[in-house]
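Q: One structure, pasted below without further comment.
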Amino acid sequence: MSKYLLIESRDSFSSNAAQEHVELAVALKHAGNEVTLYLVQNGVLPCRSGADGEPLHEAIAAGIEVLADDFSLSERGIADRDVARGVQPAAIDAVVERLAASWKVMFL
Amino acid sequence: MPASLTFAIMDAPFENARTVTVFRLVQAALKAGHDVNVFAYEGAVGLSFARQAAHANAVHGRDAAAENHPLPRVWIEQLLGLAGKSGRKLDWVNCGLCVDERGMGEAIEGVRRGTPADLWKMSVESVNSLSVGTR
C-alpha cells in the first residue's frame, strides 16, 4: 500500500480536470492505497456547503480524507462553519508533513 | 524529524496563485525545521529577478509606497532570511538556460544559477520532491 496526496488547485465548476482528478483519487483508494485530497486555491470552492457537488461526495464516500487549505478558504470568504460535511479545514503544514513522510504527492 | 525537501516551480511572477502556494509551502517547510531546495525554471526564474520594482497606481491616486505592490523577489529574500534565522538551508537555483533566454541574469543575493542536473541532485538527496508545473 502506498500513500498519496493529491493537491487540487482547480474547481469542478470551471475545469473538467477536477472531476478526472477525483476519479484518479478514488481509483487509487479502491486499489488499496491511503489517499488524501488537499484542496487549495480555487480548489476549495466546491467544498462550500450547498455548493458541494458529486465529485466531492464521491471522494468522501470512497473514504478519502478531504482537507481544505485554510488560507484559500479565508481568501474566498468561506468560514469553517460553511465547509461541507466530510471536509476538514487544514493548514498547508499538512502538505509538508506528508512530503516529509515520503508520501507520493502530486500538484494538480 | 528534519528532512530535505525539493520543489520544482515553473510559473512566471505576477501570474498565478500557484506562486503564492509554493512560497507558503517553502515557508511552512522551513518553519517545520526542514531544509528546502527550490529549482526555478522557465518563467519562474523571474521570481528572483533583482530589478522588479514597485509601482504607483495613478488610477487610484496612490504612490508606490501607498500601493505597496508585492514583489516576489522580496518574498524570496524573506524566505532566505527565515532560513538563515532558523539555521536551515534554502538553496534557490535558477535554471541558467531559462535565465539567458529571458535576459534575467540579475538575481537577488542568495539565489544561484544552475542546470537541470542540480534538480536531479537535489531530488536524489531529498526525502521528497514536488513539481508544480504551469498549465
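Q: For the stretch B:5-27, name all the residues that are more than 13 Å from the chain's Cα centre (by Cα) and either part of a loop (DSSP other than H, G, I, E, B) or surrounded by 20 or more Cβ atoms within 10 Å (Cβ to Cβ) (or both).
A: B:LEU5, B:GLU15, B:ASN16 - these are the residues of the stretch B:5-27 that are more than 13 Å from the chain's Cα centre (by Cα) and either part of a loop (DSSP other than H, G, I, E, B) or surrounded by 20 or more Cβ atoms within 10 Å (Cβ to Cβ) (or both).
Q: Among the residues of the stretch B:54-73, are any free of Cβ contacts under 8 Å to residues at least 40 places away in the same chain, within 11 Å of chain A (Cβ to nearest Cβ) and either hydrophobic (A, V, I, L, M, F, W, C) or within 22 Å of B:THR115 (Cβ to Cβ) (or both)?
A: Within the stretch B:54-73, not a single residue is free of Cβ contacts under 8 Å to residues at least 40 places away in the same chain, within 11 Å of chain A (Cβ to nearest Cβ) and either hydrophobic (A, V, I, L, M, F, W, C) or within 22 Å of B:THR115 (Cβ to Cβ) (or both).
Q: Shifting gears a bit: Being touching a residue at least 24 places away in the same chain (Cβ under 8 Å) and among the hydroxyl-bearing types (Ser, Thr, Tyr) is the filter here, so list the residues in the stretch A:41-75 that pass it.
A: Answer for the stretch A:41-75, where residues must be touching a residue at least 24 places away in the same chain (Cβ under 8 Å) and among the hydroxyl-bearing types (Ser, Thr, Tyr): A:SER49, A:SER72.
Q: Let me ask another. Output the qualifying pairs, or none if there are none: Cβ atoms under 6 angstrom, residues six or more apart or on different chains, first residue in the stretch B:11-38 and of a type in the set (Ser, Thr, Tyr), second residue part of a helix (DSSP H, G or I).
A: Every condition considered, no pair remains.
Q: Step by step: first the residues of the stretch B:102-128, then only those that are without any contact (Cβ under 8 Å) to a residue 40 or more places away in the chain and out of contact with any helix residue (DSSP H, G or I) (no Cβ under 9 Å at 6 or more places or on another chain), then the one that is farthest from B:ARG73 (Cα to Cα). Which residue is that?
A: Step by step, filter the stretch B:102-128, then rank; the result is B:VAL124.
Q: Okay, next question. Counting only residues that are part of a helix (DSSP H, G or I), hydrophobic (A, V, I, L, M, F, W, C) and under 17 Å from B:LYS31 (Cα atoms), how many does the stretch B:67-125 have?
A: 6
Q: If B:SER126 satisfies every condition in (1) away from chain A (no Cβ under 14 Å); (2) within 13 Å of B:VAL36 (Cβ to Cβ); (3) not aromatic (Phe, Trp, Tyr) but one, which is the exception?
A: (1)
Q: Something else: Could you tell me which numbered condition A:LYS29 fails, if it satisfies all but one of (1) more than 14 Å from every other protein chain (Cβ to nearest Cβ); (2) surrounded by fewer than 18 Cβ atoms within 10 Å (Cβ to Cβ); (3) of a type in the set (Lys, Arg)?
A: Failed condition: (2).
Q: Something else about it: What about B:VAL111, is it within 10 Å of the chain's Cα centre (by Cα) and within 14 Å of chain A (Cβ to nearest Cβ)?
A: No: the conditions fail for B:VAL111.
Rule-based calculations on the coordinates, nothing more; no lab input. All values reported here derive from a predicted model rather than from experimental measurement. FYI the Cβ positions are ideal-geometry reconstructions off the backbone, even for glycines, and counts take in every protein chain you see.
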